[in-house]
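Engineer: Dropping a structure here in structure tokens format, bear with me for questions.
The values are calculated or read from the model by the stated rules, or taken from the named source; none is laboratory data. Quick caveat, the model's predicted, so the values are computed rather than measured. Reconstructed Cβ throughout: ideal geometry from the backbone, glycine too, with neighbour counts over all protein chains shown.
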């Protein structure tokens, strides 16, 4: 039987099961009572790992949650086709296929051989976790024009090899590799 976790014990980035679905805790806020007899409440900002929905919910400190049957498997992105996006498990060398609905906007971060962690819930792949930073090549961007900095515009839009659009500094040119934060989708430097 899986261990039970009390709401007050849940920390940021923890995983727990609520209403028969796995959740990832994005933020925690604990409010202690000011009056005698009041209950400590825990407000969780949480993401459903299956539907990808994010919402806030308040629980009593003593409410208990099961640990989800969630397994993280190291995998490498191989290719995409009509069936979906294919990843090779680094331990078993099995191929896992995820459809576009599961990946959502994360498709813009997928480049050949990027290492990710595949979330499997009850044996089924439900999502992926990227490293903090991925390296992508700039496919197209405008040239930085001298004098643009006077208007306060020190960045310009750039379309990366995957179709993802990010703001980059004026000195970045087409064909250069750049680092992108996977959580914020922002420029993190030259590669």
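Engineer: Among (1) surrounded by 15 or more Cβ atoms within 10 Å (Cβ to Cβ); (2) without any contact (Cβ under 8 Å) to a residue 12 or more places away in the chain, there is one condition residue 81 misses while meeting the rest; what is its number?
Structural biologist: The single condition residue 81 does not satisfy is (1).
Engineer: For region 32-57, which positions are over 16 Å from residue 127 (Cβ atoms), modelled with pLDDT of 90 or more and surrounded by 12 or more Cβ atoms within 10 Å (Cβ to Cβ)?
Structural biologist: 41, 42, 43, 44, 45, 57
Engineer: On to the next question. For region 130-153, indicate whether the set of residues that are in a strand (DSSP E or B), touching a residue at least 60 places away in the same chain (Cβ under 8 Å) and not assigned by TED's automatic domain parsing to the domain that holds residue 52 is non-empty.
Structural biologist: No, region 130-153 contains no residue that is in a strand (DSSP E or B), touching a residue at least 60 places away in the same chain (Cβ under 8 Å) and not assigned by TED's automatic domain parsing to the domain that holds residue 52.
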